[in-house]
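Comments concern the structure below.
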Amino acid sequence: GLFGVPELSCPEGFQEAQDKALQESEQLVQKVCSTPPGPETVMIFDQLSDSLCRVADLADFVKVAHPDFAFREAAEEACRNIGTVVEKLNTDVELCQSLRRLLADETVTSSLDPETRRVAELFMFDFEISGIHLDEEKRKKAVDLNVRILDLCNEFLIGTHIPNKIDKHVLPEHIRYNFTAEGNYLQVAGLHADCPDDLVREAAYKIFLHSNAKQLARLEELLASRNSLAQLVGYDTFAHRALQGTMAKNPETVRQFLEKLSEQLSKRTQKDFEMMTKAKTKLSPHNSMLMPWDHPYYSGVLRAERYNIDPGLYCPFFSLGACMEGLNSLFSQLLGISLYAEQTKRGEIWSEDVRKLAVVHETEGLLGYIYCDFFQRPDKPHQDCHFTVRGGRLKENGEYQLPVVVLMLSLPNSARGAPTLLSPGMMENLFHEMGHAMHSMLGRTRYQHVTGTRCPTDFAEVPSILMEYFANDYRVVNQFARHYKTGQPLPKNMVSRLCESKKVCAAADMQLQVFYAVLDQIYHGKHPLKKSTTEILKETQEKVYGLPYVPNTAWQLRFSHLVGYGAKYYSYLMSRAVASMVWKQCFAQNPFDRAMGERYRREMLAHGGGKEPMLMVQGMLQKSPSVEDFVDALVSDLDHDFETFIMDS
C-alpha cells in the first residue's frame, strides 16, 4: 500500500482508511469527555488530531500528485469528508468543555510543562476560531461560513490558473505563434515573462491579466466571508485572526515592517528601474517607458550582460547525485545526520522514479523517512513543495511515531545513461525543500499537533531559506560541485559571479514582494473595503511598487497565494530576514560548525511549533530582534560583495 499503509493498495482503500479513522476518533472523543482534567486530556486530543491527520495529510498529497486519476479522486473525497468532521469537532461543545475544564483549573495548568500547555492553548484556539463560544445560531453560521470559504478557495484557486482566450485576429500575425491556437482563438496561459519580444510580453500581460467578472465575484465574496467569520468569532479583521501566534503577532507589526522595508528600498529600487529603463531603451528606442511586463525580462538581461551566467555552464557541475552527496555531507558535519537510500516494497510508491531515504542520526538512530518525488511527469503540478504525510509524536507505548514527508520537485528527466543535471536555481530549490524536510525530521515533539513544520507560517520558511544561504556559499558548494564527465570542481569565480548576479535588480524584486504583501494586508484588513479590489490594486501598485497600473487588468485575480497565505504573504520576507540574521551571526564564519549546528537544532528545529517562534529566534541569536533589525538584515543582503566586485572588474 502507498507509504506502507496496507489499506491503500487501491483507490477504494481511502474509504476504508477514512472509516477506520472516524471510528477511532469517535472513541477518543468519548474517552476525553470522561477523563478528569490533566496532561492526559492533551494527550488524547493529540491522538484525536493524529488519527484524522494521518489520513487527511496523506490524502492531501495523493490528491495532487498521484498519476492515477482514481487515486486522486478518492483522496480528494477523503479530504473533504475528514475536513467536514474536523469542522464538526471544532464546534462540539462537550469536547471543548473537557479542554476548557483543564485550562480553567489553575492547579492543573501550573503543573503542565510549557509544551503541553502551549498545545492545549493551540487546540483551544482552534475551537475559538470556529465560534465555540457563540450561541447555537451563530455557531451554525460559523460552520456554514467555514464551508463556504473552503469552496470559494478551491474555485478561486482553479480560476487563477485558467488560461484566457482571445480572437487570434486581434493580435499581429508575427507574434501569434507564441500562443496555443484553438480554432480561431489563441490561448494565453501565462505572462511569457522571459520572451525577448516586448510585444509578446505586453499582449500576454494584458490578456492573461484581463479582468474576469466571475473570478472577481469569487475574490470579493472570499474576502467578505473571511472578514465576517473573523468578526463573528471576535476579531477586528481577518488579518488579526490569521496573525495570532505568529512571529509578527499582529497586523500593526506587519505594516510597520513592510513600511520600513519599503522606505529603505526606495532609492535602490529607483536605481534598478533606471538601469532597466536604459536596457530597454537600448533594445527598443521607440518605446522606452518601463512597464510591469518589463521588470522580470530586463532584470534578466542586465544579469546576463553583467555576469554572463548561462545556466548551461553550471549544470554539468550539479548532477543530482553530486547535489545529494553535498546535502548528505553538510548534514553529517553540521548535525551528525546521514541520508540512506531504502528499498521500497510493492505498491509503496506512486511512480517508479520515487526514491525513499532513511534519515539516520549517528547516535540516535533512525529519525524518519523522506520520499523524493523529483521528476516531471504528465499531470504532476509544476511546483516544488514539501508535504508532511505523517507527523512525529510520542506514542502511548513509549515508542516514537517516525515522521514521513515527501519532497516534490519537477526536475527534467535525463537522457538514458546521463545523470540528471540541475540548473543553479534547481539546486537552490533542492536545498530549500531539504531545509523543510530536516525541520520535519528534527522537530521531534511529543505532540503530533506541533511536530516539525506545523508551526506559524512566518517561522516555517526560516529553515528552508537558511539552506539557500548554504547553497550559495563557495565552501559548501566546493564540497560537491564536480563536472560529471571530468570530475573538475566548479571554479570559485563562477560561484561568486552567480551569487553577485542574484543581487542585480534584487531591490526591485524585493519591492515587488513588498507590494504583494501590502496588498494582501489591505485585502484582509478593515472591511467593507474602501474601494474595489482592482482600485486598491492600482493605488497600491503605484504607491508601493512604482510601475504604472495597466488599465483593464486585475493581477489580484491571479494571486493564488491569497488562498494558502491569506494575510500572511509577508511571511516570506520576514522568514528571509530571520534566516539572514542566523546565517550571518552563526554560520557565515564557518558553515560546517558542529556546535552551531547543534545549537540550531536545539533552539530552532527541535520545538516544531511547540514554542513561541520569537522565543526560538531569541534562543538562536541570543537577543530579541526588532523590526529594524529585520529590515537591516534584508537590505544588507543587497550589498555587493566587495572582494568579488574587485576580482571581476
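Taking interchain pairs and intrachain pairs at least six residues apart, which have beta carbon atoms under 9 angstrom, with the first residue in the range 321-348 and in the same structural domain as residue 413 (by the TED database) and surrounded by 15 or more Cβ atoms within 10 Å (Cβ to Cβ) and the second of a type in the set (Lys, Arg) and outside any strand (DSSP E or B)?
Correct list of pairs: 333/594; 334/594; 334/601; 335/594; 335/601; 336/594.
Every residue in the range 144-181 that is outside any helix (DSSP H, G or I) and of a type in the set (S, T, N, Q), please. Outline the logic, then answer.
From the range 144-181, those outside any helix (DSSP H, G or I) are 162-167, 171-172, 179-181; that's our starting set.
If the condition is that a residue be outside any helix (DSSP H, G or I) and of a type in the set (S, T, N, Q), then 164, 180 are the ones that fit.
Tell me which residues, restricted to the range 354-401, are charged (D, E, K, R), at pLDDT 95 or above and either closer than 21 Å to residue 412 by Cβ or not assigned by the TED database to the domain that holds residue 331 (or both). Working first, answer last.
Filtering the range 354-401 down to residues charged (D, E, K, R) leaves 355-356, 362, 364, 373, 377, 379-380, 384, 390, 393, 395-396, 399.
Next cut, at pLDDT 95 or above only: 355-356, 362, 364, 373, 390, 393, 395, 399.
Hits for the range 354-401 are 355, 373.
Any idea which of (1) outside any helix (DSSP H, G or I); (2) modelled with pLDDT under 90 is the one residue 87 doesn't satisfy?
(1)
State the number of residues belonging to the range 526-537 that are surrounded by fewer than 19 Cβ atoms within 10 Å (Cβ to Cβ), of a type outside the set (Ser, Thr, Tyr) and within 22 Å of residue 210 (Cβ to Cβ).
Qualifying residue count for the region: 4.
Can you name every residue in the range 360-374 that is among the small types (Gly, Ala, Ser) and open to solvent by 10 Å² or more (accessible area, probe 1.4 Å)?
Within the range 360-374, 365 is the sole residue that qualifies.
Can you tell me which residue within the range 556-581, out of those that are surrounded by 21 or more Cβ atoms within 10 Å (Cβ to Cβ) and aromatic (Phe, Trp, Tyr), is nearest to residue 221 (Cα to Cα)?
569
Collect the residues in the range 527-565 that are part of a loop (DSSP other than H, G, I, E, B) and either under 24 Å from residue 577 (Cβ atoms) or under 26 Å from the mean Cα position of the chain (by Cα) (or both), keeping them in residue-number order. Lay out the reasoning, then the answer.
Just the residues of the range 527-565 that are part of a loop (DSSP other than H, G, I, E, B), to begin with: 527-532, 546-552, 554, 559-560, 565.
Listed by number, the residues that qualify are 546, 554, 559, 560, 565.
In the set 94, 128, which member is touching a helix residue (DSSP H, G or I) at 6+ places or on another chain (Cβ under 6 Å), touching a residue at least 60 places away in the same chain (Cβ under 8 Å), part of a helix (DSSP H, G or I) and open to solvent by 30 Å² or more (accessible area, probe 1.4 Å)?
On the way: 128 fails: touching a helix residue (DSSP H, G or I) at 6+ places or on another chain (Cβ under 6 Å).
From the options 94, 128, the qualifying one is 94.
Every residue in the range 449-497 that is over 21 Å from residue 429 (Cβ atoms), open to solvent by 20 Å² or more (accessible area, probe 1.4 Å), among the polar types (S, T, N, Q) and outside any helix (DSSP H, G or I), please.
The answer is 486, 488.
Name the residues in the range 425-459 that are within 26 Å of residue 251 (Cα to Cα) and aliphatic (A, V, I, L, M), would you?
Across the range 425-459, the qualifying residue is only 450.
Would you check which residues across the range 196-210 are part of a loop (DSSP other than H, G, I, E, B) and either in the same structural domain as residue 291 (by the TED database) or crowded, with 17+ Cβ neighbours inside 10 Å (or both) and list them? Even if it seems obvious, please write down each step before you answer.
Within the range 196-210, the first condition is being part of a loop (DSSP other than H, G, I, E, B), and the residues that meet it are 196-197, 209.
Hit for the range 196-210 is 209, nothing else.
The values are calculated or read from the model by the stated rules, or taken from the named source; none is laboratory data. Please read all numbers here as calculations on a predicted model, not as lab measurements. Backbone-built Cβ (ideal geometry, glycine too); neighbour counts: all protein chains shown. Areas reflect the complete protein model, heavy atoms only, side chains present, ligands, DNA and RNA absent. Shrake-Rupley method; radii C 1.70, N 1.55, O 1.52, S 1.80 Å.
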